[in-house]
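Please treat every number below as a calculation from the coordinates, not as lab data. Remember, it's a predicted structure, so these values are computed and weren't measured experimentally. Note that we place each Cβ from the backbone using ideal geometry, even for glycine, and neighbour counts take in every protein chain shown.
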Amino acid sequence: QFEYDNGLRQTPPEKPIKEKLQQAINKATLDNPTLPLMIARLQIKGIEVRAGFTRNGKSKGISYCIDEQAFSGTNLGAAYTFNGLQKHLGVDYQEERDSESIKKLISNPNLALEIFKRHQQQQEELKRQKQKSKGFER
């Protein structure tokens, strides 16, 4: 950073991977998504997400991997743990609704794009319905 600040280097140094992960997670949670949608958004960005569950379906934890470097949620900070995502970043998780989707996403990251597209379509439909109800339909 010193070299860049003093004109000895043309490009700023890359941010540490831990910071990149935190920023990616923050961006993926801006609109208080469901946990499966957040995971899909991260997977699309090349971030592998792992979540562990007990036999009863309760969360054991969450971790993230990028550029072959893995970090537990705890290692990234309180906001990035399974509970912290909900408490601090507003991620919506309902065990009955989400646990199977999460397991499928983690075992098959190719589903991420499908989930992301489905969410976009739902948002567009909601927008159309709101416009209709306000009398803006053209």
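Taking each residue of the stretch 41-61 that is touching a residue at least 24 places away in the same chain (Cβ under 8 Å) and looking for partners that are part of a helix (DSSP H, G or I) and among the acidic types (Asp, Glu) with beta-carbon atoms closer than 8 Å, six or more apart or interchain, yields Gly57/Glu95; Lys58/Glu95.
Would it be correct to say that Glu68 is without any contact (Cβ under 8 Å) to a residue 40 or more places away in the chain and farther than 30 Å from Gln122 by Cα? Walk me through how you get there before you give the answer.
Working: without any contact (Cβ under 8 Å) to a residue 40 or more places away in the chain: yes; farther than 30 Å from Gln122 by Cα: yes.
Criteria met by Glu68.
Taking the stretch 109-126 as the range and being part of a helix (DSSP H, G or I) and closer than 18 Å to Leu42 by Cβ as the test, the residues that pass are Leu111, Ala112, Leu113, Glu114, Ile115, Phe116, Lys117, Arg118, His119, Gln120. Taken over the stretch 95-113, residues that are without any contact (Cβ under 8 Å) to a residue 60 or more places away in the chain and either within 25 Å of Ile66 (Cα to Cα) or surrounded by 10 or more Cβ atoms within 10 Å (Cβ to Cβ) (or both) amount to 8. Against the test of being surrounded by 12 or more Cβ atoms within 10 Å (Cβ to Cβ) and touching an Asp or Glu at 6+ places or on another chain (Cβ under 9 Å), the options Ser63, Ser72 yield a single qualifying residue, Ser63.
Picking from Gln23, Gln10, which residue would you name as being in a helix (DSSP H, G or I) and over 22 Å from Asn110 (Cβ atoms)? Just one listed residue meets the conditions, Gln23.
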